[in-house]
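Single-structure report; data block below.
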Amino acid sequence: MRRRAGTLDFWIVLSTSVLLGMGIIMVFSASALTSSYNLGDAFFYLKRQLIWAFLGLIGMSFMLKFDYHYLKRLAAPVLGISIILLLLVLIIGISSHGSARWLGVGSLSFQPSEVIKLAMVIFLAASLADNRHRLKNFIQGLGPYLALMVVVCALILAQPDLGTSVAVAGTTYLMLTVAGADRRHLFMLALAGVGAVVLAIILAPYRMARFTAFLDPWAYAQGYGYQTIQSLLAIGSGGLFGTGLGQGRQKLYYVPEKHTDFIFAILSEELGFIGAALVVIFFLVLVWRGFNTAFKAPDTFGSFLAAGLTIMLAIQALINMGVVTGMLPVTGITLPLVSYGGSSLIFSLVGIGILLNISRYAGS
Amino acid sequence: MVININARKRLVFVFFLLAAGLTTVILRLAWLQFVRGAELQEKALNNRLNVMPVAAQRGVIYDRNRHELAISIASDYIGAFPQEIKDSGRAEEIAATIGSILDIPAKDVLEKITRNTGFEFIERQVEFEKAQKIKNLKLPGIEVVPENRRYYPNGPLAAQVLGFAGVDNQGLEGIEAMYDKQLSGEPGKIVIEFDALGHEIPRATHRYIPPQNGNSIVLTIDQTIQYIAERELEKIVNSPTDPLKANIIIMDSKTGEILAMASRPAFDPNNFGKYPSSVWGNPLVRDVYEPGSCFKIITTAAALEEGIVSPNDSFYCPGYIKVGPDTINCWVSPMSHGSETFAEAVKNSCNPVFAKVALKLEEEKPGKFYDYIKAFGFGHPTGIDLTGEGTGLLIPEQQLKPINIATIGIGQGIAVTPLQLVTAVSAVANGGRLMRPHLVKEVLDEDGNVIKKIKPTEIRQVISPATAQKVAELLENVVSKGTGRNAYIPGYRVGGKTGTAQKAGPGGYMDGKYVASFVGFAPVNNPRIVCLVTIDEPKGYPYYGGTLAAPVFKRVVSDVLHYLKVPVQYDENKKDEQPPKPVTVPEVVGRELSSAKAEIEKLGLKVRFEGQGDKVIAQIPKSGAVVPAGTKIILYLQSNPNKPRVPDVSGLRVTEAAQVLEAYGLTLEPQGTGQAAEQNPVPGTIVSPGNKVRIKFYETAREVLGP
């Protein structure tokens, strides 16, 4: 079932470019004043983000030329290496903000959790493409995937990184849905998933506090509610057109993680509803074209892979924007393509490269 | 297109799931940015703004003649921006420097300037030189900002009226509290937008909102009258009487304006913190007491108005009155006033008569007595423009028993504030019209323009002008002939009433604890002022209102009337009480009766002869003495030096009596001291020269005046 590679999906290229561009501009706007003050270099984060974007684009270019079918064979080894990296990060990881998420030295560090997201999607797509007929059997079909998911999520959670963990679990769940798992099983799993999240919140006091603050952030304005409140204040200050690029005030130490996890808040303040909605719409376009690719993929692996990559991207975006707009409790997760962050940006672009590669083989 | 229909459906389902999620984000953005946008924007701005307060200048409080009673003087506060100090890295050094200049522990300063806040006060109302010193050091993150400090130039004068304002320019007591909104103005501010770490945002919001200075208040108080009242209070509290408390209130009876309101113990509002908070309030409007006989004015007014009694009605005072099982004693008990008219009963402050009159009023017109009490304003706040006014205590009407009516008739069993009493008596003085008492005359804006004038308010006509006139006359008798004699002021017609009330304590009246009081007004024919003096728990004896409070009233009212230039007028019947011219007594001893008489009368003096004959052999007072015109000079006459008649020397002091007897060639054999009373031989007896005359002298019994 091999075909010759065709043209790239225009819409995916367009929305990726727009989101990446807006991200770079916003990273600069959000960080310039404070990095100038703290680090003596207004361009500190901009320069790095440009380097990451450049590296990411190289990765993307490579992947969009790299026939995705080879990935099917690489799926298991990549997953194996990723899991080893996850184990390593727990032992020799670099800590930041109370979580050990990085491996490596200095600016060469990266987050294994970004790798596992991609590895998980590839592996699931490959494996489900072969085994989807057995999926109706809960123990033999669904069981191994759930076991894998639990192990991976547990490792990520151990960092601790609830956001990525939820993203991985959500992606796995939706991929199983796409692959044809039994509806009753899916329903039960959804209940179990909610139960697991509740358990995760109850078991960790800091998560419990964050959750309580999420329910009533104003009551914890100086504590766990602080991030949410400052984020909401930034968004609310934006109005329709925003305060203007670079004119936002909330980035001045008020909104924490302003150029990473909360970049969407600063964007909403400076570019207003128009800018923020545009970002969401381009994500919608990405999702639409991603599913379109899945729909038209030449084989089941390609279809599942396209769907999985799209789902992973969408779930991360949803969690991030849900947190920033105060609809979800605060969990550290970046906005793909937009937020500052090396590993996240590179692997997001690599994922989109794969998606584009599949789109080249998609039939009309 | 290799995937089957089912897988396609799943794909579509998951796509819509994710699309729905993203749409939710858009809706949420719209909600936050449009619906709650303004609110969140406002909150965000407030979150970032740091405000340095700039105090408004508090308005002046003037007396009625625009003398300053409370003013604001410029001062500075020292404020700190902790973040700037932290950035400078000199917190310890700054704390030590400021601590030593302001004379406060450096660690206290350090604690304040390292707080995690945008702005902190280090010290308020700092002396000029210290503030200047700190200003000159130009320390990072330290600001010296002008503010105002309240100053009361007269110290404790009228302290309980004025009250005081705290460091934040907020009125805490008295007029300062009551008129705080007018006086305080609107504080201004310097607003600076800061980032979350306390750095000033470049080119950000930086506004100066100037303060709106407060309005000034012109009081009805007259500084001079207030001073007179306070002077007399000071005297009484420093006398052996040494009362627990003492109050004087003076009101303009026509307008209800309070001219003076003074209390002891007092405090200095410049240092109010050094006095117990119990003395900060104004006892004249806040505290209640049983008015005692002063309240008989109300009983009189009600009974006269209702025609229950007229001044010439006859009564009999047996020294007590029985009301059911209870007995009320007259204050003269165990003696009695016997037969007397109602007018005399007022003069004598006779308890049984007033009890009887009150009972009669209640019997003939049930409920009327209480109606008058309420109409005179008792049991209600007077509505004066001060906070914390007391209402007084009235026994609930449905619980009233005859004994209560009887005791209320003499002013016991009812509690009133001094202000209520003086307001009620003011109504009597003012032709029956009850005026609302007030302390503020005008409100002035910053530039001194009158923006509000408080006009006199009539609350109601309580009794008819004719009744008021009758009551006033009866009260004038109290002062001219009765228990209020000590309040008599030559040259002015004064009406008033004494009061000596036993203080009620837990479980009944307390032995030996009284409130001596006097309330009255002058001049009776055209009253200008009403004055109440209360002396709470005087020490020792006498404790009567007539002996303790009436003299104070006399001194205060006399000075105030003169100060107000109220024309002196003399009662037609009392010409002899004109302020007499001083006359030097001439020497007339040895002269003929007729020429001596002519010379003395020519000088405006009067003559009284003693003995028989046509030759003057002694005179009292002696020549050279300066006496008021109209003084009687006693001329002792003799016809035959060999057969002297014993002269009548009654009333003379020992030395005077000795001189007179010596002139007759007789010798004095005195017994006791004081004034001559009994003589032996009796006057007129013809004796031989050189005979002894035995005379008994007595100290005049202390005149004890009733309650």
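Read the figures in this text as sums done on the coordinates, not as results from a lab. Only a predicted model underlies this, so the values are computations on that prediction, with no experimental measurement involved. Neighbour counts are summed over all protein chains in view; Cβ atoms, including those assigned to glycine, are modelled from backbone coordinates with ideal geometry.
The magnitude of the dipole of region A:10-362, with charges of +1 and -1 set on the Cβ of Lys/Arg and Asp/Glu and taken from the Cα centre, is near 580 debye. For B:SER88 and B:ASP168, FRET efficiency with R0 = 22 Å and r from the beta-carbon atoms, rounded to 0.05? It comes out at approximately 0.20. Peptide A:180-188 shows a mean partner chain C-beta count of 1 within 10 Å per residue C-beta. Selection among A:ILE12, A:PHE301, A:MET26 by position relative to the dipole of region A:10-362 gives A:PHE301 as farthest towards the positive end (Cβ unit charges, Cα centre). Place +1 on the Cβ of every Lys and Arg and -1 on the Cβ of every Asp and Glu in the protein assembly as shown, take the dipole about the Cα centre, and give the residue among B:PHE164, A:GLY341, B:GLY690 whose Cα lies farthest towards its positive end. My answer, from the dipole projection, is A:GLY341. How many angstrom separate the Cα center of region A:17-45 from the Cα center of region A:266-294? If we compute the Cα centre of each part, the gap is 20 Å. All distinct Cα pairs of region B:270-310 go into the 1/r average, and the inverse of that average, the Kirkwood radius, is 13.6 Å.
When you filter the trypsin sites (Lys or Arg not before Pro) in region B:275-351 for DSSP loop state and at most 16 other Cβ atoms inside 10 Å of their Cβ, nothing is left.
Scaling the Cα radius of gyration of the protein assembly as shown by the globular reference 2.2 N^0.38 Å produces a ratio of 1.62.
Positive end of the dipole of the protein assembly as shown (Cβ unit charges, origin at the Cα centre): among B:ILE61, A:HIS259, B:ASN680, the Cα lying farthest that way belongs to A:HIS259. Each Lys or Arg adds one and each Asp or Glu takes one away; over the other residues whose Cβ falls under 11 Å from the Cβ of B:THR224, this sums to -2.
For the residue pairs B:LYS296/B:LYS470; B:LYS374/B:LYS401; B:LYS245/B:LYS296; B:LYS581/B:LYS606, alpha carbon separations beyond 20 Å are given by B:LYS245/B:LYS296. Listed by chain and number, the aspartates and glutamates whose alpha-carbon sits under 20 Å from that of B:LYS481, ignoring those within fewer than 8 places in the same chain, are B:ASP313, B:GLU340, B:GLU344, B:GLU473, B:ASP571, B:GLU572, B:ASP576, B:GLU577, B:GLU703. For peptide A:224-231, the mean count of partner chain Cβ atoms within 10 Å of a residue's Cβ comes to 1. Kirkwood hydrodynamic radius of region B:583-698, from the reciprocal of the average inverse Cα-Cα distance over all distinct pairs: 14.3 Å.
Summarising the label geometry, the points placed 7 Å from Cα in the beta-carbon direction at B:VAL626 and B:LYS513 lie 5.0 nm from one another. Amide H contacts under 5 Å for B:GLY338: B:CYS317, B:GLY319, restricted to partners 5 or more places along the chain or on a different chain, H placed in the peptide plane at 1.01 Å from N.
Compared with the direct C-alpha span, the chain from B:THR24 to B:TYR151 gains 39.4 nm at full extension, assuming 0.36 nm per residue.
Listed peptides B:243-251, B:592-600 appear in the order B:243-251, B:592-600 once ranked by packing, highest mean of other Cβ atoms within 10 Å at the front.
When +1 charges are put on Lys and Arg Cβ atoms and -1 charges on Asp and Glu Cβ atoms, the dipole computed for chain B relative to its Cα centre reaches about 640 debye. A protection proxy built from the mean count of other Cβ atoms within 10 Å ranks the segments B:84-90, B:428-434, B:647-653, most packed first, as B:428-434, B:647-653, B:84-90.
Taking 7 Å steps out from each Cα toward its Cβ at A:TYR70 and B:LYS274 produces label points 9.5 nm apart. Taking the Cα atoms of region A:10-362, the ratio Rg/Rh between the radius of gyration and the Kirkwood radius comes to 0.96. When DSSP beta bridges are restricted to pairs lying wholly in chain B, around 90% turn out antiparallel. When DSSP beta bridges are restricted to pairs lying wholly in the protein assembly as shown, around 90% turn out antiparallel. Taking the alpha-carbon centroid of each part, what is the distance from region A:322-356 to region B:449-526 in angstrom? Here the two parts' Cα centres lie 89 Å apart. Under the simplified labelling scheme, the A:PHE43-B:GLU111 pair shows an inter-label distance of 5.0 nm, with each label point 7 Å from Cα along Cα→Cβ. For the protein assembly as shown, the Cβ-based charge dipole about the Cα centre amounts to some 3400 debye (Lys, Arg positive; Asp, Glu negative; other atoms uncharged). Think of it as helices only: each DSSP H run of n ≥ 4 in the protein assembly as shown is worth -39500 (n - 2.57), and spread over all residues that comes to -14500 deg cm²/dmol at 222 nm. Count Lys and Arg as plus one, Asp and Glu as minus one, and take only other residues whose Cβ is under 15 Å from that of B:ASP168; the net charge is then -2. For region B:512-519, the Karplus equation 6.51 cos²θ - 1.76 cosθ + 1.60, evaluated at θ = phi - 60°, returns couplings of x, 10, 10, 10, 8, 9, 8, 10 Hz by residue, with Gly and Pro reported as x. A simple count of charges around A:ILE122, restricted to other residues whose Cβ falls under 13 Å of its Cβ and scoring Lys, Arg +1 and Asp, Glu -1, yields +3. Stokes-Einstein diffusion for chain B, with the hydrodynamic radius set to the Kirkwood value over Cα pairs and evaluated at 10 °C in a medium of 1.306 mPa s, equals 50 µm²/s.
In this structure, the residue pairs whose Cα-Cα separation is over 31 Å, taken from B:LYS133/B:LYS189; B:LYS453/B:LYS497; B:LYS181/B:LYS254, are B:LYS453/B:LYS497. Taking the longest Cα principal axis of chain B as reference, the axis of helix B:223-237 is set at about 70 degrees.
For the peptide A:325-336, the mean number of other protein chain Cβ atoms found within 10 angstrom of a residue's Cβ is 1. Compared with the dominant principal axis of the Cα atoms in chain B, helix B:296-305 is inclined by about 80°.
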